[in-house]
Amino acid sequence: MLNSVLVANRAEIARRVIRTARRMGIRAVAVYSDADADLPYVREADQAVRIGPAPPASSYLDGAAIIEAAGQTGAAAVHPGYGFLAENADFARQVMAAGLTWIGPDPAAIEQMGDKIRARNLMERAGVPVSPGSREPVTDVAAALAEADRIGYPVMVKAAAGGGGIGMGVAAGPADLQAAFETARSRAERFFGSPEILLERYVQRARHVEVQILGLADGRVLALGERDCSVQRRHQKVAEETPSPGVSAALREQMLAAAVQAGEAVGYRGAGTVECLVDTDAGSFVFLEMNTRLQVEHPVTELVTGIDLVEQQFLIAAGQPPSFDPAAVTFTGHALELRIYAEDPVRFLPGPGTITQWDEPEGDGIRVDAGYQAGNTVTPFYDPLLAKLCLYGADRDQALERARKAVAAFAIAGPKTNLAFHAELLTSPRFVSGDYDTSLVSRLRPS
């Protein structure tokens, strides 16, 4: 088994990985920027190394500095968390070339799934349903117009190498397409270093549902249920739940089977997620992309299965069998995750500042994965995620009731937070009914 790991990330996900590492007797090494020196994860690690100033390019995106820190501390492995370098195949190769264990899938799988067009084509060949869309990068407006005519309007325009909803736009017709294309291309180049764009058929009433997969050391790929991620602002998730209230038993079975096919097609090892778009009117789904890492919303899967996904990542990387019986996985109850951000609860604009009060809710079915505490400062350098408030209940009604009480009891002062938005979401008739789609937040917050 691994004896030590360097966590190449920060805040709540670093703290969460460190927690499991220490429970397993694995020495945990943290890295931090100047802006994060006082965060809880730095103190909770067995050892911590400064890797640079606040800007991510000079710290958490500096692969050489991270590998050097692993060497200095004698760490045997690197866990990338999510974001930053987690889906960077070159960094994974550098980690392995340094003689360290990479806690993640093979770099080839990261590369194949990191390009959305390449991933779409591979999934189509593997028999996984995909939406009508680009098979090659769309290079200019003329090509985009021709491709949109072939696919049929409305179309979604997005970065082939990107994620997180950055630069995505919808074109209802030719008049909208040029602006959507230019926006997507400029943001793709700025954020992902690639101007390549793809077009896909846009589904008017859609749910964003993903399947958690686990590629075991012996080659088997498991599907550990689905998560509904349809509550989004600016195409970015803000709340998730499992099981999805909008997926029938038959559709769920099809999605889980397709996710296993997807994992097998790339020889997947470790924790990953197959993201799908569900057409609520047609009752069908298509492949969107595969995230070759641990997801922000992984706790809801852990709550309904009792499986620690970070523990499985460590075991798989060490070539060990899982800590559970793959033939006896059960799904019990209902779980929600509410992402607590330092942001305005109406316009969702980031609001950094120093936290003067931090009182977490406690009680049955409540789990808080937090990156901050009172006295810490939320800086403008990173994603403003403060914590993940996770709730578990015997059924959805109980989980919702616990969520309402927990949101009311969570007291954070200093920076603005979106707790007020979550309080509104949890009493919204559409959300409470379970009959919602990706337009839910825009309906609650019409511009």
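The values are calculated or read from the model by the stated rules, or taken from the named source; none is laboratory data. Bear in mind the structure is a predicted one, so any value in this text is a computation, not a measurement. Positions of Cβ are backbone-derived with ideal geometry, glycine not excepted, and every protein chain shown enters the neighbour counts. Surface areas here come from the heavy atoms of the whole protein model, side chains and all, with no ligands, DNA or RNA. Shrake-Rupley method; radii C 1.70, N 1.55, O 1.52, S 1.80 Å.
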With all protein chains present, how much of the accessible area of the chain (probe radius 1.4 Å) comes from carbon and sulfur, to the nearest whole percent? 50
If you count, for each residue, the other Cβ atoms within 10 Å and average over each peptide, how do 288-301, 340-353, 414-427 line up from highest to lowest? 288-301, 414-427, 340-353
Just read off the accessible area of Ile18 with the full protein assembly in place, 1.4 Å probe, to the nearest 10 Å². 0
Over the Cα atoms of the stretch 308-400 the radius of gyration and the largest Cα-Cα distance (Dmax), both in Å, equal 17.5, 48
How big is the charge dipole of the stretch 92-234 about its Cα centre, in debye rounded to the nearest 20, if each Lys and Arg gets +1 on its Cβ and each Asp and Glu gets -1 on its Cβ? 300
Show me 355-363, 304-312 ranked by packing, highest mean number of other Cβ atoms within 10 Å first. 304-312, 355-363
Chain lengthening between Glu182 and Asp90 when straightened (0.36 nm per residue, less Cα-Cα): 30.3 nm
Theoretical FRET efficiency, 1/(1+(r/R0)^6), r = Cβ-Cβ of Glu189 and Thr377, R0 30 Å, to 0.05: 0.40
Sites Gln204 and Arg430 - FRET efficiency at Förster radius 22 Å, r taken between beta-carbons, to 0.05: 0.85
Given charges of +1 on the Cβ of Lys and Arg and -1 on the Cβ of Asp and Glu, with all other atoms neutral, how large is the dipole of the chain about its Cα centre, in debye to the nearest 20? 320
A chain fully extended from Ala327 to Ala249 at 0.36 nm per residue, minus the present Cα-Cα distance, gains in nm 26.2 nm
Enter the Cα centre distance for the pair the stretch 195-265 and the stretch 384-447, rounded to the nearest angstrom. 21
For the stretch 142-211, would you read off the P(r) tail past 15 Å as a percentage of all alpha carbon pairs? 50
Over the stretch 354-432, volume per residue of the alpha carbon convex hull, in Å³: 89
Going from the alpha-carbon gyration tensor of the chain, what semi-axes, largest first and in whole Å, does one get by taking the root of 5 times each eigenvalue? 31, 26, 24
What nm value, rounded to one decimal, do you get for the distance between Ala54 and Ala318 when each label is placed 7 Å out toward the C-beta? 3.9
Return one quarter of the surface area of the convex hull spanned by the alpha-carbon atoms of the stretch 55-170, equal to its mean projected area, in nm². 9.1
Can you give the Rg to Rh ratio of the stretch 1-122, both from alpha-carbon atoms, with Rh computed by the Kirkwood formula? 0.98
